[in-house]
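Enquirer: Below is one structure. I have some questions about it.
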Amino acid sequence: MFPTAEQIWGVLVLEEYNTRVVILGVMALGVAAGLVGTFLLLRKRALTADALSHATLPGITVAFMVMVALGMQGKSMFGLMIGAFVFGCIGVLLILGIRRTTKLKDDAAIGIVLSVLFGLGLCLLRLATEMPSGNAAGLNGFIFGKAASMVASDTKVIAIVALCTGIIVTVLRKELTALCFDENFGAVQGWPILRLDIVLMTLVAIVTVIALQSVGLVLAVAMLIVPAASARYWCTKIGSLLVASAIIGCLGGWLGGVVSALVPKMPTGPVIVLVCGGWFIFSFIFGPVNGIVARQWRIWRLNRRIEMQHILRAMYEVSSENPFCKFNSILCCRSWSQTQVKRLLSRLIRQKYVTKEKEGWVLTDAGMQKATHVVRNHRLWEAYLINYADIAPNHVDRDADMIEHVLGTSMVEKLEALLGSDNLPPSPHPLEVTS
Amino acid sequence: MNMSSETNFLGSEHSPSAAVSVHDLTVAYHRKPVLWDVDLDIPAGKLVAIVGPNGAGKSTLIKAVMDLVPKASGLISIYGKPFRKQRHRVAYVPQRESVDWDFPIDAIGVVTMGRYRKVGWCRPIRTLDKKLAMEALKRVGMEEYAHRQISQLSGGQQQRVFLARALVQDAEIYFMDEPFASVDAATERAIVQVLRDLRSLGKTVIVVHHDLQTVTEYFDHVIMLNMRVVAHGMVQDVFTNENLRKTYGGRLTLLDEAAGLLARQSSKA
């Protein structure tokens with residue numbers, strides 16, 4: 001049932017010729033799709049690409065029928081690819097046309113073109129199988145992909161295409177970035193926005209076409225979108241995004257190819273898509289850029305810091321009258337619960353900012369210094385808002401409460417310079433100036 | 001080079017010293033005209049506000065000048081020549097909402113875009129471009145945020161990044177689409193300072209503006225627009241209650257009717 005260690009090793013090092021052809025092919029496809037997909041996603045055209053890939057089906061069948069009618073070998077891969085490319089482009093043009101001439105929005109235009117052209121393709125496929133000459137039996141392999149049918153020349157084509165898209169994307173990186181970020185600005189600068197858009201969508205069409213054989217037209221769009229989308233959870237710059245997306249696509253192809261080679265009867269395309277999808281879920285949860293865990297961690301840390309500053313300010317105010325703070329007088333400072341105050345106080349004790357004496361809680365020297373610092377920042381900010389930001393003074397305290405926790409040290413230094421340390425706002429308790 | 005010897009393709013009725021000349025401009029979106037017969041000469045070296053109610057065609061006017069929207073009719077010239085020959089002399093600050101601020105780029109990356117055209121096709125960004133971008137960020141008080149992701153900037157900071165991107169282009173005419181819209185006080189001051197610096201360098205700045213209260217304080221010239229030009233000239237001359245009422249008050253029944261009629265006719269055709 002389970003593959004032996006020897007089998008696994010054999011697949012991993014691409015020992016067998018057929019496996020090698022397939023796995024190298026899907027790896028190259030992953031690179032090309034990852035690169036082009038990054039810009040596709042930034043251009044917000046993911047669904048257009050889906051319509052494009054569905055529109056290739058009538059193209060494949062029409063190409064087959066034409067070639068059979070001309071007495072050629074019906075399944076010449078090159079001919080089929082040309083047909084797929086042409087119809088993919090027609091699909092995109094139809095979407096643009098519908099959007100321009102009617103009041104329908106993008107989603108409706110895409111839905112119409114995708115379903116109608118796919119339906120047309122299915123009908124034509126039926127007609128193609130009825131044709132007396134030629135053998136259309138393998139054509140439906142393009143719908144869900146049939147990686148096992150890949151031969152060395154297919155892999156070579158995919159590798160060359162991957163290399164070319166890599167070069168084009170690198171060379172036109174600046175131009176495509178301008179197109180995706182702000183096309184109006186690009187147009188004013190004099191970039192031919194329409195032509196750049198055509199270049200991008202042509203690259204998408206080419207990648208879709210080379211994905212048909214291995215991944216299939218229904219799932220081809222996943223190769224473009226999923227690696228690029230997961231890369232966004234790891235990188236924040238376009239350059240690293242491109243690299244990460246290409247690597248994710250490449251490794252997804254490799255792992256998917258390996259798994260489908262080891263598990264009998266597992267289709268390669270869907271397995272690759274599942275591997276990429278699994279990586280997306282992992283990125284979505286654990287990615288350092290806006291992953292769920294990272295985001296929750298940041299929120300938790302911010303809340304914790306805000307709470308600490310609140311309790312320190314409360315202690316500072318209470319202890320200015322009496323260094324031994326009573327629990328109730330701390331509790332009265334803000335709207336917080338007893339358990340919350342208890343928890344915060346025990347945290348302060350753990351951090352050695354507070355000690356518990358018989359008469360009450362006392363700020364230690366370190367705690368006093370910290371509290372003074374917090375209060376000072378708070379006052380500086382209040383002063384800034386009152387003097388400079390035209391906010392009604394009675395609203396200032398709540399605002400300051402929120403914003404001071406967002407301020408970094410550099411901003412505080414700026415405020416100090418702005419006000420001068422002797423120009424601090426009047427306060428019931430004179431401030432100790434921290435060094 | 002002698003400026004007066006340059007041929008003005010609009011003919012002599014337009015002043016050759018005008019930075020921007022708009023002649024008989026009409027723009028229609030979806031069969032409904034939004035700008036009617038706009039005729040303007042915008043003098044060089046001035047701060048110019050375009051004011052008018054929502055839907056008056058303020059953004060459309062500057063977009064039409066920059067060839068971003070198709071014109072139904074009209075001629076535009078920048079320093080006496082068509083826009084497409086003068087685009088290197090023009091910088092544009094679009095509305096902040098017009099782009100996706102989640103885009104994976106940092107502040108200096110956006111500002112560097114202002115240099116893309118000078119860098120040219122297929123060439124990488126040079127150190128010089130980065131340096132100039134940094135200087136532009138300094139001018140708007142944003143150098144500390146150069147390597148911050150743009151999604152993490154506040155609205156006012158994003159607006160200043162947009163401004164810096166236009167500054168780095170080193171243009172002669174600046175079009176700004178509502179740069180003061182929902183920005184903080186610090187940003188408003190920074191923008192005003194930049195506008196004044198630009199004017200003292202002899203640049204022309206044309207600003208779509210919403211806040212009528214600051215027009216007198218910030219600008220030299222004002223264009224009062226409501227589908228057509230209601231008034232245009234020095235702020236102290238034309239920014240009057242009478243003209244404001246004409247621009248903002250009431251529906252312009254005649255014009256609206258004409259627009260509706262035209263829309264019906266063309267939909268029948």
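Enquirer: Taking amide H positions as placed 1.01 Å from N in the peptide plane, with prolines and chain starts having none, which residues 5 or more places from B:Ala19, or on another chain, fall under 5 Å of its amide H?
Expert: Close amide H contacts, sequence-distant or interchain: B:Ile42, B:Ala44.
Enquirer: Ignoring ligands, DNA and RNA, how do A:Ser149, A:Ser335, A:Ser283 rank by accessible area with a 1.4 Å probe, largest first?
Expert: Details: A:Ser149 60, A:Ser335 125, A:Ser283 0 Å².
Ranked list, largest accessible area first: A:Ser335, A:Ser149, A:Ser283.
Enquirer: In degrees, nearest 10, range 0 to 90: what is the angle between the Cα axis of helix A:292-319 and the longest Cα principal axis of chain A?
Expert: Taking Cα atoms only, the helix is inclined about 10 degrees.
Enquirer: What does the average come to when, for each residue of peptide B:105-114, you count the partner chain Cβ atoms lying within 10 Å of its Cβ? Can you show the working numbers first?
Expert: On the way: counts 8, 2, 0, 0, 5, 4, 0, 2, 8, 2.
Counting Cβ atoms of other protein chains within 10 Å of each residue's Cβ and averaging gives 3.
Enquirer: Give me the angle, in degrees from 0 to 90, between the Cα long axis of helix A:77-101 and the longest principal axis of the Cα atoms of chain A, rounded to the nearest 10.
Expert: 50 degrees
Enquirer: Taking θ = phi - 60°, what integer Hz values does the Karplus form 6.51 cos²θ - 1.76 cosθ + 1.60 yield along the stretch B:116-128, in sequence order, with x for Gly and Pro?
Expert: Once rounded to whole Hz, the list reads 3, 5, 5, 5, x, 3, 6, 9, x, 5, 9, 4, 4.
Enquirer: What aspartates and glutamates could a cross-link reach from B:Lys63, if we take a straight Cα to Cα line under 15 Å and drop same-chain neighbours fewer than 8 places away?
Expert: Within reach: A:Asp182, A:Glu183, B:Asp177, B:Glu178.
Enquirer: Once the whole set of protein chains is in place, how much accessible area is left on A:Asp106, using a 1.4 Å probe, in Å² to the nearest 10?
Expert: Around 50 Å² of this residue is reachable by solvent.
Enquirer: Moving on. With solvent modelled as a 1.4 Å probe, how much accessible area in total do chains B and A shield from it at their shared surface, in Å² to the nearest 100? Write out the running numbers ahead of the final one.
Expert: Numbers: alone 13700 and 23030 Å², together 33870 Å².
Approximately 2900 Å² gets buried when B meets A.
Enquirer: In the full protein assembly as shown, how much of A:Arg232 is accessible to a 1.4 Å probe, in Å² to the nearest 10?
Expert: Number for this one is 80 Å².
Enquirer: If you don't mind, another one. Which value in deg cm²/dmol, rounded to the nearest 500, describes the helix-derived mean residue ellipticity at 222 nm for the protein assembly as shown, given -39,500 (n - 2.57) per DSSP H run of n ≥ 4 and division by the residue count?
Expert: Numbers: 30 runs with 410 residues, N = 704.
It comes out at -18500 deg cm²/dmol, rounded to the nearest 500.
Enquirer: Between their Cα atoms, which of A:Lys75/A:Lys146; A:Lys326/A:Lys352; A:Lys44/A:Lys156 are more than 20 Å away from each other?
Expert: The pairs that break the limit, which is 20 Å between Cα atoms, are A:Lys44/A:Lys156.
Enquirer: Heavy atoms of the protein only, probe of 1.4 Å, neighbouring chains included. What is the accessible area of B:Ile125 in Å², nearest 10?
Expert: Approximately 60 Å² for this residue.
Enquirer: In addition: Kindly tabulate the residues in the stretch B:133-156 with an accessible-area decrease of at least 20 Å² between the chain alone and the assembly of all protein chains, using a probe of 1.4 Å.
Expert: B:Glu144, B:Gln149
Enquirer: Moving on. Using the Cα centre of the stretch B:13-171 as the reference point, and only Cβ charges (+1 on K/R, -1 on D/E), how large is the resulting charge dipole? Debye, rounded to the nearest 20.
Expert: On the way: 24 positive and 15 negative charges, 105 e Å.
Here the size comes out at about 500 debye.
Enquirer: Counting only protein heavy atoms and a 1.4 Å probe, tell me what percentage of chain A's accessible area is made up of carbon and sulfur.
Expert: Working: 14060 of 21530 Å².
Carbon with sulfur: 65 percent of the solvent-accessible area.
Enquirer: Then there is this: What list of ³J(HN,Hα) values in whole Hz, one per residue of the stretch A:103-111 in order, does the Karplus curve 6.51 cos²θ - 1.76 cosθ + 1.60 (θ = phi - 60°) give from phi, with Gly and Pro shown as x?
Expert: Values, residue by residue: 8, 5, 8, 3, 4, 5, 4, 5, x Hz.
Enquirer: Next question, about the same structure. Does anything in the stretch A:304-326 have its amide N under 15 Å from the 7 Å Cα→Cβ label point of A:Lys356, and if so which residues?
Expert: Of the residues in the stretch A:304-326, A:325-326 have backbone N under 15 Å from the label point off A:Lys356.
Enquirer: At A:Val151 and B:Gln152, where each label point lies 7 Å from the Cα along Cα→Cβ, what is the point-to-point distance in nanometres?
Expert: Distance between label points: 5.4 nm.
Enquirer: Something else about it: Sort A:Cys235, A:Cys333 by heavy-atom solvent-accessible area, probe 1.4 angstrom, most to least. Don't skip to the end; give the middle numbers.
Expert: Working: A:Cys235 25, A:Cys333 55 Å².
Largest to smallest exposure gives the sequence A:Cys333, A:Cys235.
Enquirer: Still on this structure, please answer the following. Using Cα positions and a limit of under 16 Å, work out the lysines in reach of A:Lys103, with same-chain residues fewer than 8 apart set aside.
Expert: Correct list for A:Lys103: B:Lys32.
Enquirer: Just which residues of the stretch A:160-206 lose 50 Å² or more accessible area with every protein chain there, against their chain alone, with the probe set to 1.4 Å?
Expert: Correct list: A:Lys174, A:Phe181, A:Asp182, A:Asn184, A:Phe185, A:Val188, A:Gln189, A:Trp191.
Enquirer: If B:Phe162, A:Phe78 are ordered by their accessible area, calculated over protein heavy atoms with a 1.4 Å probe, which sequence runs from highest to lowest? Write down the numbers at each step before the final one.
Expert: Values: B:Phe162 0, A:Phe78 155 Å².
Greatest to least solvent exposure: A:Phe78, B:Phe162.
Enquirer: Which residues' amide hydrogens lie under 5 Å from the amide hydrogen of B:Val229, considering only partners 5 or more residues apart or on another chain, with H built in the peptide plane?
Expert: For B:Val229, whose amide H was placed from the backbone, the distant partners under 5 Å are B:Asp39.
Enquirer: Using a cut-off of 9 Å between beta-carbons, work out the net charge of the residues near B:Phe180 (Lys and Arg +1, Asp and Glu -1, B:Phe180 not included). Walk me through the numbers on the way to the answer.
Expert: Numbers: positive: none; negative: B:Glu178, B:Glu188, B:Asp211.
Summing Lys/Arg as +1 and Asp/Glu as -1 gives -3.
Enquirer: A follow-up question, please. How far is helix B:155-167 tilted off the main Cα axis of chain B, in degrees rounded to 10, range 0 to 90?
Expert: 90 degrees
The values are calculated or read from the model by the stated rules, or taken from the named source; none is laboratory data. Note that the structure is a prediction, hence the values are computed from the model and not measured. For neighbour counting, all protein chains shown are included, and Cβ atoms are generated from backbone atoms with ideal geometry for every residue, glycine included. With ligands, DNA and RNA removed, areas are computed over all heavy atoms of the protein, side chains included. Shrake-Rupley method; radii C 1.70, N 1.55, O 1.52, S 1.80 Å.
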